[in-house]
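Down below is the structure, laid out as structure tokens.
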Amino acid sequence: MRIQTVTYLFVIVFFSLSKLYAQQVPVAVKGVIDLTEYDFNTHGPLEIRGEYEFYWNQMLNPADNKISGEMIYMQVPGSWYKLKDEYPQLSRHGFATYRLKLLLPAGMTDIALKVEDVYSASGYFLNGKAFDYLGFPGVNKFQTVTRYSRPVMTGSVNTQEVELLIKVSNFDSRLSGIVGGITIGTATQVEEERTRELFRGHFLIGAFLIIGIYFLGLYLIRTEHYRLYFSIICFLMVLRVAMLMELPVIDHLNFNGLTTTRLNYLNVYFFAPFFTLMIRSIFPLEFPKWVFRIIIWISVVFIAVVIVSPISLFSFSLPYFFGFFLLVSLVFLYVIMMAWVRGRSHAPSFTLGLLILFAGTLNDMLNEIDVIDTTYVVHYTMFIYLLVYAYIFADKSNTLQKKSQKLADEVNEVKNHLEDLVEERTTELQSVSRELERQKKKLESTNKDLVESMNARNRLFAIIGHDVRAPIGYNLQALEMLISNPGIPAKERNELLKMMASASEVTYNLLDNLLVWGRSQTGKLKATPVRVQLMELIHESLELINIGLKEKHLKVELDVDEDHYLEADRDQLYIVIRNLVSNAMKFTPEKGSIHIASRKQQGQIIISISDTGIGIPETILEKLLDARSHVSTNGTRGEKGSGLGLKISHEIVEVNNGWMNIESESKKGTTITIGIKASKK
């Protein structure tokens with residue numbers, strides 16, 4: 001029922017706008033129009049159509065009756081370029097004079113003209129006197145000042161026979177001459193009609209503004225893009241109505257003809273992308289993405305042409321744009337019909353509204369390119385489309401409200417009858433949840449242990465595959481050289497033996513460290529505390545690296561009290577001391593020094609091992625004792641390391657209830673301090 005009502009409203013508005021008279025209206029014949037029998041008081045203003053005298057490339061002087069050029073009869077309204085085939089001398093760009101003799105009714109003392117769409121500058125003369133100008137018509141492009149229309153021209157007459165002379169020049173636009181028509185009437189009638197036109201214009205602008213602002217507010221409250229695009233379309237319609245009806249606000253802006261034309265074209269061209277964005281945001285599944293992109297890019301091209309090119313170029317884009325927009329409208333119809341077939345809500349209403357708007361747009365397009373001569377109606381059909389859209393929006397809101405109420409009723413029903421059941425189920429779920437949480441923690445613990453075991457296994461294989469293999473390879477090479485060269489010089493033999501000793505020492509330390517590390521990774525690293533003399537452990541450790549100390553000419557300073565005894569696992573503590581002095585030797589350059597000191601403090605023996613080596617950068621220092629990180633660096637002579645020494649030493653010290661601290665400064669040296677419980681005598 002609502003759709004039928006909207007349809008009837010559209011039909012009434014459309015036919016009320018058409019200018020159809022039951023009587024035969026006067027037309028100009030061979031440059032003369034007889035209005036003596038026309039009753040302006042009864043029928044109102046009249047559009048003076050018909051055959052005007054036309055003088056191509058002539059600017060006739062109203063005071064001069066001598067005419068030297070050729071005269072032809074030109075149909076008004078209409079572009080003079082339409083007669084190009086019949087009169088080859090006519091061109092789109094040029095200048096001409098129109099002349100028409102008007103036989104007015106008796107007693108008519110004032111006259112008013114309403115001129116529409118004269119391209120692109122014109123001057124008007126009544127009985128040889130200047131009546132008004134729209135711009136300034138010149139004989140070339142540089143003399144011409146463009147302006148296309150003025151709402152109303154008024155003047156007085158004192159005779160029944162009036163000569164209307166119109167000079168027109170066009171050197172820019174695609175259209176030429178009096179395209180839109182000229183309406184004549186008394187000043188009072190034309191002004192009253194203008195007042196009614198302004199009322200309709202302000203009414204439409206007010207409606208579009210209110211709806212546009214309303215939908216923009218809805219968009220800001222709830223971000224649904226179709227609301228934003230629809231509000232922008234409403235604002236574009238505000239500008240369209242203001243320009244079509246030549247509202248005073250446009251006249252007050254005092255734009256020149258070129259700016260007005262460019263603004264008019266941009267206003268029309270912007271409808272295509274925003275209508276496309278709106279339709280796609282409403283029916284995204286039905287609108288093909290590739291079609292959407294093509295439409296947007298073509299629209300951008302049309303808009304760019306208007307912005308950057310002169311009027312002589314962009315004015316020719318209008319027919320192509322209309323063809324493009326017709327194709328876009330067909331795409332819209334296809335999308336909405338697909339939505340209709342798929343049962344999308346309000347698709348029939350959208351279809352009806354779009355068909356109404358399409359009819360009005362098609363009428364204005366054909367009128368704009370001078371195919372038909374009718375009244376512009378797109379602003380009225382757009383208003384009807386807004387009514388359809390308002391109905392859709394109201395119905396959507398009503399449907400959502402009903403659904404919300406229904407859901408609220410269902411919720412209350414469930415709440416009233418199932419509270420006990422919900423409480424029971426909640427208790428069961430809480431119990432199951434606690435059990436699941438317990439199982440989750442157990443699985444997480446098991447998973448963590450598995451990950452740690454796998455990491456330990458991988459690390460062990462990597463060390464065996466790289467760090468153990470290398471020194472054994474060195475020993476193998478040295479033995480092969482000794483066996484294959486029994487007469488090798490003593491100096492070279494000693495060098496090979498030293499290399500074998502050093503490689504064996506590295507392998508021994510590494511295997512020892514691996515055994516301790518393996519026990520620590522499986523949680524089997526335990527300490528058996530005994531009374532241990534610190535000096536004895538230090539001498540044993542230095543003896544193991546004595547060859548390396550001599551080769552690098554390192555000075556070892558001992559400041560250790562022989563009476564310092566510790567309560568710790570002797571074998572484990574030996575590994576710690578050996579690792580620390582071995583690291584000091586490895587990272588101290590030739591002729592450097594190593595200082596080993598001890599002191600007793602608060603029941604602990606504090607042992608510090610300092611060197612003048614290369615130090616440890618901060619980035620590496622932070623990761624040295626981290627079980628999840630692995631850092632391995634070479635010594636000053638390229639000595640290989642496994643990256644386990646300090647980690648193992650730290651774990652051993654903690655197992656023996658001690659502590660370890662590392663202080664280092666890059667390129668200056670490192671000091672490692674450990675504290676172990678002192679042994680009682």
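Observations on the model:
- Residues in the stretch 212-227 include none that are closer than 23 Å to S315 by Cβ, part of a helix (DSSP H, G or I) and touching a helix residue (DSSP H, G or I) at 6+ places or on another chain (Cβ under 8 Å).
- Positions within the stretch 181-223 being aliphatic (A, V, I, L, M) and farther than 24 Å from I33 by Cα, in sequence order: L198, L204, I205, A207, L209, I210, I211, I213, L216, L218, L220, I221
- Restricting the stretch 508-545 to residues that are at pLDDT below 75 and not in a helix (DSSP H, G or I), the residue that is farthest from E654 (Cα to Cα): T522
- Picking from residues in the stretch 580-609 that are more than 21 Å from A678 (Cα to Cα) and polar (S, T, N, Q), the one that is surrounded by the fewest Cβ atoms within 10 Å (Cβ to Cβ) is S593.
- For the stretch 643-680, taking the residues that are among the polar types (S, T, N, Q) and more than 27 Å from T528 (Cβ to Cβ), the one that is modelled with the lowest pLDDT is identified as S666.
- If you go through the stretch 579-607 and keep only what is part of a loop (DSSP other than H, G, I, E, B) and either on the phi > 0 side of the Ramachandran plot or touching a Phe, Trp or Tyr at 6+ places or on another chain (Cβ under 9 Å) (or both), you end up with K591, Q602, G603.
- Qualifying residue in the stretch 61-69 (condition: aliphatic (A, V, I, L, M), modelled with pLDDT under 90, under 24 Å from F131 (Cα atoms) and in the same structural domain as D117 (by TED's automatic domain parsing)): yes
- Subset of the stretch 598-620 [closer than 16 Å to S664 by Cα, in contact with a strand residue (DSSP E or B) (Cβ under 7 Å, 6 or more places away or on another chain) and not aliphatic (A, V, I, L, M)]: S608, S610, D611, T612, G613, G615
- Within the set F287, F302, the sole residue that is crowded, with 21+ Cβ neighbours inside 10 Å and over 21 Å from the mean Cα position of the chain (by Cα) turns out to be F302.
- Residue in the stretch 196-219 that is of a type outside the set (D, E, K, R), over 46 Å from the mean Cα position of the chain (by Cα) and either farther than 27 Å from L46 by Cβ or crowded, with 17+ Cβ neighbours inside 10 Å (or both) present: no
- Listed here are the helices (runs of 4 or more DSSP H) enclosed by the stretch 229-301 that have at least 1 residues being touching a residue at least 40 places away in the same chain (Cβ under 8 Å) and among the acidic types (D, E): 248-252.
- On inspection, L198 passes the criterion of being assigned by TED's automatic domain parsing to the domain that holds L263 and in contact (Cβ under 8 Å) with a residue 40 or more places away in the chain.
- Any hit, the stretch 76-83, residues being of a type outside the set (A, V, I, L, M, F, W, C), surrounded by fewer than 17 Cβ atoms within 10 Å (Cβ to Cβ) and part of a helix (DSSP H, G or I): yes
- Matching option when the condition is within 29 Å of the chain's Cα centre (by Cα) and closer than 24 Å to I372 by Cα, among F324, F314: F324
- Given (1) at pLDDT below 85; (2) closer than 19 Å to G128 by Cβ; (3) among the hydrophobic types (A, V, I, L, M, F, W, C), number of the condition I111 does not satisfy: (1)
- Note on the stretch 174-185: among residues that are out of contact with any helix residue (DSSP H, G or I) (no Cβ under 6 Å at 6 or more places or on another chain) and assigned to a loop (DSSP other than H, G, I, E, B), the one that is farthest from G78 (Cα to Cα) is R174.
The values are calculated or read from the model by the stated rules, or taken from the named source; none is laboratory data. Please read all numbers here as calculations on a predicted model, not as lab measurements. All Cβ positions, even for glycine, are placed from backbone atoms using ideal geometry, and neighbour counts span all protein chains on display.
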